[in-house]
Amino acid sequence: MRGGRRLGRRFGWLWAAYGTGALGTWLAFGAFPLIAIQVLHAGPAEVALLASAGAAVGAAVAVPLGPWVEFRRKRPVLIAMDLARCAALLTVPVAFALGVLGFLHLLLVSVVVAAADITFRAASGAYLKTLLPAGDLLVANARLESTAWATTIVGPPLGGAAIGLLGPVATVVADAVSYLLSALGLRAMGGDEPRPERAQAGHRVDGKGMRGGDLLDGWRYVLADPTLRPLFFNTVLFNGLVMAASPLLALLMLGPLGFAPWQYGLAFALPSIGGLLGSRLARPLVGRFGQHRVLVGSGALRAIWPVGLAFVGPGGGGLLLVMGVEFGLILCCGVFNPVQATQRLERTPPDRVARTLSAWAVTSKASTALLTALWGVLGVLLGPRTALGLAGVLVLATPFLLPRRAPTPPPGPGTTPAVG
């Protein structure tokens, strides 16, 4: 099987680095809110601010980094972002040990980590496009997707156990170490990476000639492409609504419905097996039905599940309902995500990949933060269950934003597509 073949030693190192960093992230999942609550005695408003403002400000900080990354070698950027995240996170246990840890410190670290995350994603996508031929991109993205779901399954339970034994600061140390190991793995890749060339006149390859207009190049390219434009709006709205509903579901399950924390964790860890299965199915489905049909089909199917969360009740039946809904949702996402990532890379010229992916990630982060804050207000005004139902109904409309026609051949490097 083509999907089971080796993609080379350098991709193997990139894959291992990605998996190591993802595992560290999930080990420390929820560590910052717990530190704010248990160590700093923060209230609900401060915890919400930490979750939303950190991501939003980090996204704003990352805006100029997309053009900056575009015309630099990507592997050194990846290593630098790993080291930046490692250094920022290590300041938390140091400040805790010295007794000087404060809320503003946590907020600043979350901003640095969010900005570095976006920059790492943009640089890694651009690097992957240069590392592998186009025919192997779906296989590679499916493997990265399966790794993401695998770490989702094992990370939170292990992190929860570590928090119970050692406290939340210990998982922050583990997260920092994971980024250090990721940087060492990327350093071990070796090989020569050609210096990117700038196809547009009037720009310097070293980035010193970057203009203010360069900051918007990624958005301009996405919004001008007739395939990427609807896909962009679909994924940003879908992801934002799903993530905005998550705190309300936690509030409902851990509050009025009386589920134990381990039941809540199980309700999301176990269904992540669907992500592993979906990512394994992505390539065979594309081979049989074609990329466009699989993209639209899985994108539509993933939208039918979230509304079911509004009907969760207490006891074993409610737990099974949440697990069934999450399994169906994650299974469809496991198919959709690698196909979408592959089409996005295929349609973006090499000299625009970092800016395009950066613009995509910045918009997604900022929109998720905004919608999470908005749904927090709706949860107070309407109640968690009603707000969950409203989010689910809006998600049902997202398939109308998917591309309706199979994409035309992508434009060549250095060109901007005509508005369709």
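With the dipole of the chain worked out from charges on the C-beta (+1 for Lys and Arg, -1 for Asp and Glu) around the Cα centre, which of GLY376, VAL63, LEU241 lies farthest toward the positive end?
So the residue furthest toward the plus end is VAL63.
Please compute the volume of the convex hull spanned by the alpha-carbon atoms of segment 52-177 and report it per residue in Å³.
Roughly 120 Å³ of hull volume per residue.
In deg cm²/dmol and to the nearest 500, what is the mean residue ellipticity at 222 nm of the chain if only DSSP H runs of at least 4 residues count, each as -39500 (n - 2.57), divided by the residue total?
Calculated from helices alone, the mean residue ellipticity at 222 nm is -24500 deg cm²/dmol.
Placing one identical point scatterer on every Cα of segment 1-114 and ignoring solvent, what is log10 I(q)/I(0) from the Debye formula at q = 0.09, 0.13, 0.22 Å⁻¹?
-0.33, -0.64, -1.29
Assuming R0 = 25 Å, what is the FRET efficiency of VAL377 and ALA397, from their Cβ-Cβ distance, to the nearest 0.05?
E(calc), rounded to 0.05, equals 0.75.
Calculate the radius of gyration of the Cα atoms of the chain to one decimal place, then report Dmax, the largest Cα-Cα distance, as a whole number, both in Å.
Here Rg and the maximum Cα pair distance are 21.0, 65 Å.
Accessible area per residue of the chain at 1.4 Å probe, in Å²?
44
For segment 283-367, calculate the relative contact order in percent as a whole number, restricting contacts to Cα pairs under 8 Å that are 6 or more residues apart.
Computed over segment 283-367, the figure is 29 percent.
Return a whole-number percent for the relative contact order of the chain, with Cα pairs under 8 Å and 6 or more residues apart as the contact set.
Answer for the chain is 27 percent.
With labels modelled as points extended 7 Å from the Cα through the Cβ direction, what inter-label distance (nm, one decimal) is found for GLU193 paired with TRP15?
1.9
Compare the peptides 180-193, 70-83 by average per-residue count of other Cβ atoms within 10 angstrom and give them in order, highest first.
Packing proxy ranking, top to bottom: 70-83, 180-193.
Taking the alpha carbon gyration tensor of segment 272-417, what are the square roots of 5 times its eigenvalues, largest first, to the nearest whole Å?
After diagonalising the Cα gyration tensor, the semi-axes are 32, 21, 12 Å.
Give the separation of the Cα centroids, segment 131-145 to segment 25-88, in Å.
About 27 Å separates the Cα centre of segment 131-145 from the one of segment 25-88.
Going toward the positive end of the dipole of the chain, with +1 on Lys and Arg Cβ and -1 on Asp and Glu Cβ, which of GLY159, PRO226, LEU184 do you reach last?
The Cα lying farthest towards the positive end belongs to PRO226.
How much length would be gained if the chain were fully extended between ALA406 and THR386, taking 0.36 nm per residue of separation minus their Cα-Cα distance, in nm to one decimal?
The ALA406-THR386 span can extend by a further 3.5 nm.
Where in segment 340-373 is the amide nitrogen less than 17 Å from a point lying 7 Å along the Cα-to-Cβ axis of THR130?
345-346, 348-358
Going highest first, how would you order 331-340, 218-227, 24-33 by mean Cβ packing within 10 Å?
By packing density, highest mean first, the sequence is 331-340, 24-33, 218-227.
With +1 on each Lys and Arg Cβ and -1 on each Asp and Glu Cβ, how big is the dipole of the chain about its Cα centre, in debye rounded to the nearest 20?
Approximately 1260 debye in magnitude.
The values are calculated or read from the model by the stated rules, or taken from the named source; none is laboratory data. Predicted, not measured: the structure shown is a model, and the values here were computed from it. Don't worry about glycine lacking a Cβ; one is built from the backbone with ideal geometry, like all the others, and counts go over all protein chains shown. Quick note on the areas: whole protein, heavy atoms, side chains included, nothing else; ligands and nucleic acids left out. Shrake-Rupley method; radii C 1.70, N 1.55, O 1.52, S 1.80 Å.
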